[in-house]
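> Sending over a structure as structure tokens; questions will come in a sec.
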Amino acid sequence: MAGKKTGFLTEPRREYLRLPRKKRRQSYSESQRNQFDDAIREQARSALDDLILIAQGYDEEGLQAIFSKDMIEELVSTLMDRIGLDDAEGNGKYYEVLLKTIEQRIHQKYREQDRFFKLESTNYPVMPSKPAYRDVKTYMKK
């Protein structure tokens, strides 16, 4: 294993996930599938806890290298493809939870800087209003 990069999943668990679901049902007993699924969920939650800790404590340059634009786009796109329109909380959809979280965080950061931000949704890809933000003082003068 010298020099080989590995993630948090073991190779057997990767092989399990790479199989189409129908093939998994044929290749593994229900008990085996439950064991794999439980272990994957536990490991993924631990990995996410570690990523949150990294996001909180690591330097900005290192964060940009880890959480690159391409990596974040791939992760969000994959999640949206898989569970984007599924129910998430109450009667909300998963994509709405993501958008609300992003919008709330943007508003919080802009309020700290005494700035204004508005996020609009349309039938087209989500884009901020133009201009995306304005100084509060400039906005109030208009």
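> If the Cβ limit is 8 Å and pairs must be 6+ apart or interchain, which residue in segment 98-114 that is in contact (Cβ under 8 Å) with a residue 12 or more places away in the chain pairs with which residue that is surrounded by 13 or more Cβ atoms within 10 Å (Cβ to Cβ) and among the aromatic types (F, W, Y)?
I106/F117; Y110/F116; Y110/F117; Y110/Y133
> Ok, one more. I need every pair where a residue in segment 40-51 that is over 15 Å from L17 (Cα atoms) has its Cβ under 6 Å from the Cβ of a residue that is surrounded by 11 or more Cβ atoms within 10 Å (Cβ to Cβ), sequence separation at least 6 or different chains.
Taking only residues 6 or more apart or on different chains, the pairs are A47/F8.
> Among the residues of segment 102-123, is there at least one that is at pLDDT below 55 and not small (G, A, S)?
yes
> Separate question: Under 20 Å from the mean Cα position of the chain (by Cα) and surrounded by 12 or more Cβ atoms within 10 Å (Cβ to Cβ), is that true of K93?
So K93 fits the description; yes.
> Let me ask something else. Can you pull out every residue in segment 5-35 that is in a helix (DSSP H, G or I), over 27 Å from the mean Cα position of the chain (by Cα) and over 25 Å from A47 (Cα atoms)?
K23, R25, Q26, S27, E30
The values are calculated or read from the model by the stated rules, or taken from the named source; none is laboratory data. Keep in mind that this is a model prediction, so the values were computed, not measured. Positions of Cβ are backbone-derived with ideal geometry, glycine not excepted, and every protein chain shown enters the neighbour counts.
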